[in-house]
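> After the structure tokens below, expect a handful of questions from me.
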Amino acid sequence: MIFAFDIIILVFLVVAALISLNVKDLLSASMIYGIYGFLICLLWAEMGAVDVAFTEASVGAGVSTVLLVATVFNTRRRSSD
Amino acid sequence: MLSKVFATIAVAITGSILLYGVSDFPAFGDPHSPANAGVPGSESVSLYFIEESYKDTKVPNIVTSVLADYRGYDTMFETVVIFAAGMAIFAILRVVGNKEETAAKAAEEDSFTNGDHNRIIVGTTVRIVVPVIQLFALYVVAHGHHSPGGGFQGGVILGASFIIIALAENLNAALRRLSELNYVRLAAIGIFIYAAFGIMAQVLGSNFLDYGALQPIFMTDGPEMARSHSMLGVEIGVAFTVTAIMFAIYANLASRGQLVKGL
Amino acid sequence: MVDQIPAVLVLAPLFGALLIGLIGHRDHRVCFPIALASLSVTFFGAIAAAQHVFTNGPMDYFVGGWEKPLGIGIHLRIDALNALLLIAIATVAVLVTFFSIRRVGEKNTEKTHYFYILFLLLCLGLFGITIAADAFNLFVLIEVSSLTSYGLIAMGSSRSGTYAAFNYVLMGTVGASFYLLGVGYLYLTTGSLNMQDIHTILGSNPEIAQSKAVTIAFIFILVGIWIKMAFFPLYGWLPNAYSYSPSSTACFLAPLMTKISVYVMIRVMISVFGLEWIFVSLGWSHLVVWLAVIAILAGSVLALAQREIKKMLCYLIVAEVGYMVGGAWLADEGLWGMTGALYHILADAAMTLCLFLAAGIFVKRFRAREISDLEGMFRKAPWVMAAFVIGALAMIGVPPTCGFFSKFYLIRGGLDAGHWEYVGALLISSLINAVLFFRIFEIAFFGNKPAEGHDHSHDPHETEELPVASNEAPPVWSGNLPLFATAVIIILLGIYNGPVVALIRTFLEELPIVASSL
Amino acid sequence: MAEFIHDHIQPYFNYWVYVIIMMIGLWALIAKNNLIKKLIGLSIFQTAIILFYVSMGVKDGATIPILGHHGSSPPASEHRLFEDLDEEEPKKAHGKPVDHHAADDEHGEDHTHGHAGHHKTNPDLIANPLPHVLMLTAIVVGVATLGVALAISQMIFKEFGSLEEDEILEEIKASASDG
């Protein structure tokens, strides 16, 4: 684990979380949530949790995002907040 | 507005309690913290796994051996959680028996072959890529003993390969390969495989999920290799359930439970 | 054979669910026998386990045979505390299975097998929670039971029900996540996940037990479980979620979900942290008793304001949760409050089941959702009403029923501990219950004298089961059998309260509690 | 201020960030109006807990929890990659006199596995596998919950034609007063 790398990813993580929650377009929010998932997956690989990283890459960043997108397509794309 | 005030108060309280606790933690990355090395006077579980798991199971990936053997009971219920989520989603969303839709389904069927050139390009690419993805998924399942991976990851990738087919062509194309009847069955069979390994151990006079007792079945030298083989079997069971449910959740969410057309 | 029972308890419902998953879609009639058979196996297993526990002491079961060092494998444990609860859950499950015949299928027959799968998995989750002795395993099983209950509540819900179900998902997940966070803090400080192991470590290392992280772990576990059990400030999700869900779901969830959370709280208090640590070194047990007092009063008063039967019963659950949490936290010397709380878990499961079954039958057969619809019910359905009266009397706390005895022990604990406010709240709540139920009796017996300008035609979306072809109606016995059985159980549990309480006491007296220090 | 950061934030940086992310998620969960946004908040909330668990299993200079296998497989070469770093980092940790651990070390060396010559079974050099196992379960539970919640929100959209909380509440109020 490399401290500088750790800090950079953590900061990006917070930024991604904030953007994902504040974008008014839900499709973008879902995609940024996917980015968030990949960042956290990187973080875990970096912390030595390779199995968790693998699962997060496939489940958190992959399938979760697809499910969110599927729901957004079937409902409404705009959000009031 | 009220909810924002309430949220701020709740977040402030929870956050300050948590941060108050942080100052008491062992430093980040300390190899001798209680979590990593146990407390004086009692044996550390984590050190036991690191030092003994290879001898017990002959599986180099400690995470796999802990997941599938030592804490296999948890993992079985984790699979049950997925199964339950799948069943809950079908129970909530699935719309059954709509004549009009089935007619529309028949009309939809051929949109891949005629017209819509984007779909042809994407669809052909996907047809080339999907076997590779599936092969990789099987590798991940089978190679979980030696490298990161295992039933969940492989299952999710395998499920994702069906999702890709559904995205690139249409949902029916994917459902032709894994129909509704079959994915429910596949999910049940997956957990059944998992539990069967446990029950076989019980039949052979040991506790539930004690893979070491399966030695006479696998005809291995010692209980270690029996554990290693059983873990592979269990991972395959997990992969079945996860594949089926991941695809099924997508299919239901994408088509609002009608299982036609999709996105 | 007997030592394999802990595994069999969870495996029987699991295999039932899998079997229904494999063949259930073809013919819905196979679902009920499979469900009943697998739950009967669990029921007899629970009885055998209880028998074994009360003669030979606690049963320890190490899944996978990973016994030493403690905590590397998963540890299941049946002792006097949960043996009784196992029987209670199994009984309720079997009775509700009878009640659920064809009731779920009416709206949409193709989903019947999903209902049974979810129902069996929910039973599996509850049994698993009860026997778990590993903090993380408990979390996984809490999630099994929560996810199935989300599905069950949402599947037959009416219009507003879906929104209630969504809130339930959010609250339930936050509750479980808080629990997980608390377990994480415990793991961080003790390095173990096994409850027994954590207990020994906390007991032998005072500096760990006094650390901030352990206190915070306790707070988060407690708050997480409180959300799950709808304790006072966090009860918002419960009334809507339960009252909008289909009858057979409500009949199963209402008696068990909150009670199992109370059990988890007591289990965590006794087996993980130890009562001495909580009552002596933490020193805010009286605050929790005050919260419980508010919960009891608020629940009772809100129940008084309701017009729908089910919603009224839901608010009564909020009050009952207050009884149990207050009782468990009384910290009196003889632990009579804890005894009362444990006995009340059993008693309340029976009482709530009885009332919800009756309410389900009223809706089903007479379309009576509101209290005013019950007019003349004593004439129309004297037996159902009689069972309802027994349940109501137990809720009020009239002597031969179990409700009286649980209140008796709770009040005794309150008096011993000097918590007069708790005793007062208990009495006031009984009084309110009396007012509440006698009002219903009056309407049901004499009819509603002042003609309210209230129309009986409901929004078709709001009523869960509308036009039902007469040949689709469930057999009368499927509703009455469980109802009468529950009424009998209420009275029997009351009459034989002595032996039951003696069993609970033998467990509590073994606890390493320094009575003088309390 | 700089001292505070050095003493209280730097050694616990991961823990601070986990609290921040968790609070972002919790805030969104309560305050956001859109149901999908609430669910994204919920997922972020759950990942924060996972971050907490994984953070406590980290050891300075340790490698992944996969033992070298016959000295030739990819994980083994990764070990070699990390080995240079391992040489200096643990010294810091070992500098601390932790008496109970000395016994553990001897214990560990007793059982050195013969299969991987270059690999020492010093447990300080292998990350704690237990939190990883627990979090695999938690991730899967998280996606299962997300799926169910999304299904319910599709139902809500079907019933109310909206996913905005205030609009739904208004609809419920309106239908209650009609009936």
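Just so it is clear, none of the values below were taken in a lab; they were calculated from the coordinates. Quick caveat: nothing in here was measured; it's all calculated off a predicted structure. Backbone-built Cβ (ideal geometry, glycine too); neighbour counts: all protein chains shown.
> Order these by the 10 Å Cβ neighbour count, fewest first: C:ILE219, B:ILE92, B:ILE128.
Taking fewest neighbouring Cβ atoms as first place, the list is B:ILE128, C:ILE219, B:ILE92.
> Could I ask something else about it? Give me, ordered by chain and number, the residues 5 or more places off B:VAL260 or on other chains with an amide H under 5 Å from its own placed amide H.
none
> On to the next question. For a quick check: sort C:CYS123, C:CYS31 by the number of other beta carbons within 10 angstrom, fewest at the front.
C:CYS31, C:CYS123
> A further question on this structure: Could you pull the Rg and Dmax for region B:156-256, using just the Cα atoms, both in Å?
17.1, 53
> Show the residues, 5+ positions off or on another chain, whose built amide H is closer than 5 Å to the amide H of D:LEU67.
Amide H neighbours of D:LEU67: B:ASN61, B:ILE62.
> I've got another one for you. How large is the helix-only mean residue ellipticity at 222 nm for chain C, computed as the sum of -39500 (n - 2.57) over DSSP H runs with n ≥ 4, divided by its residue count, in deg cm²/dmol to the nearest 500?
Rounded to the nearest 500, it is -24000 deg cm²/dmol.
> Can you pull a Stokes-Einstein diffusion coefficient for the protein assembly as shown at 25 °C (0.890 mPa s), Rh from Kirkwood over Cα pairs, as a whole number of µm²/s?
Details: Rh = 29.3 Å.
For the chosen part, D equals 84 µm²/s.
> Continuing with the same structure: Taking a virtual spin label 7 Å from the Cα of C:THR506 along the C-beta vector, which residues in region C:43-65 bring their backbone nitrogen under 13 Å of it?
C:50-59
> Would you calculate the separation in nanometres between label points at D:SER175 and C:PHE44, each defined as 7 Å from the Cα along the Cα-to-beta-carbon direction?
4.6 nm
> To continue, here is another question. Which of the pairs A:LYS24/D:LYS37; C:LYS228/D:LYS158; B:LYS4/C:LYS311 have their Cα atoms more than 21 Å apart in this structure?
C:LYS228/D:LYS158; B:LYS4/C:LYS311
> Okay, moving on. Applying 1/(1 + (r/R0)^6) with R0 = 30 Å to the Cβ-Cβ distance of B:ASN182 and A:LEU27, what FRET efficiency is obtained, to the nearest 0.05? Can you show the working numbers first?
Details: r = 32 Å, r/R0 = 1.05.
According to the calculation, E is roughly 0.45.
> Quick one, could you list the DSSP H helices from chain B stretching 18 Å or more along their long axis (Cα atoms) with average Kyte-Doolittle hydropathy of 1.0 or above?
B:2-22, B:72-93, B:117-142, B:151-168, B:180-203
> Using a/c under 1.5 as the rounded threshold, could you call region C:176-241 rounded, prolate or oblate? The axes a ≥ b ≥ c are square roots of the C-alpha gyration tensor eigenvalues, and prolate needs a/b larger than b/c, oblate otherwise. Display every interim value, and only then the final one.
On the way: a/c = 3.08, a/b = 2.59, b/c = 1.19.
Here region C:176-241 falls in the prolate category.
> Something else about it: Just to confirm a number: summing +1 for Lys and Arg and -1 for Asp and Glu over residues other than A:VAL23 whose beta-carbon lies under 13 angstrom from that of A:VAL23, what do you get?
Neighbour charge sum, excluding A:VAL23 itself: +3.
> Also, quick follow-up: Under 8 Å for C-alpha pairs, at least 6 residues apart: give me the relative contact order for chain C, rounded to a whole percent.
With pairs under 8 Å counted, the relative contact order is 15 percent.
> Okay, moving on. If Lys and Arg each add +1 and Asp and Glu each add -1, what is the summed charge of the other residues whose beta carbon sits under 10 Å from the beta carbon of B:ASP69?
Once positives and negatives cancel, what remains is 0.
> Helix A:64-74: angle to the longest alpha-carbon principal axis of chain A, degrees 0 to 90, nearest 10?
Once rounded, one gets 10 degrees.
> Rank these for me by crowding, C:GLU421, C:GLU67, D:GLU165, going from fewest to most other beta carbons within 10 Å.
Ranking C:GLU421, C:GLU67, D:GLU165 by Cβ neighbours within 10 Å, fewest first, gives C:GLU67, C:GLU421, D:GLU165.
> Are there any GluC sites (Glu not before Pro) in region C:299-385 that are in a DSSP loop and have at most 15 other Cβ atoms within 10 Å? List them by number.
C:GLU333
> With a Förster radius of 60 Å, plug the Cβ-Cβ distance of B:ALA12 and C:LYS380 into 1/(1 + (r/R0)^6) and report the FRET value to the nearest 0.05.
Plugging the Cβ-Cβ distance into 1/(1 + (r/R0)^6) gives 0.60.
> Relative contact order of chain B: what whole-number percent is it, with Cα pairs under 8 angstrom and at least 6 residues apart?
Worked out over chain B, it gives 23 percent.
> Is it possible to state the helix-based mean residue ellipticity at 222 nm for chain B, with each DSSP H run of 4+ residues giving -39500 (n - 2.57), the sum divided by total residues, to the nearest 500 deg cm²/dmol? What is it?
-23000 deg cm²/dmol
> For B:PRO223, what is the net charge nearby, where nearby means another residue's Cβ is under 15 Å from its Cβ and Lys, Arg count +1, Asp, Glu -1?
Around B:PRO223, the charge tally is -4.
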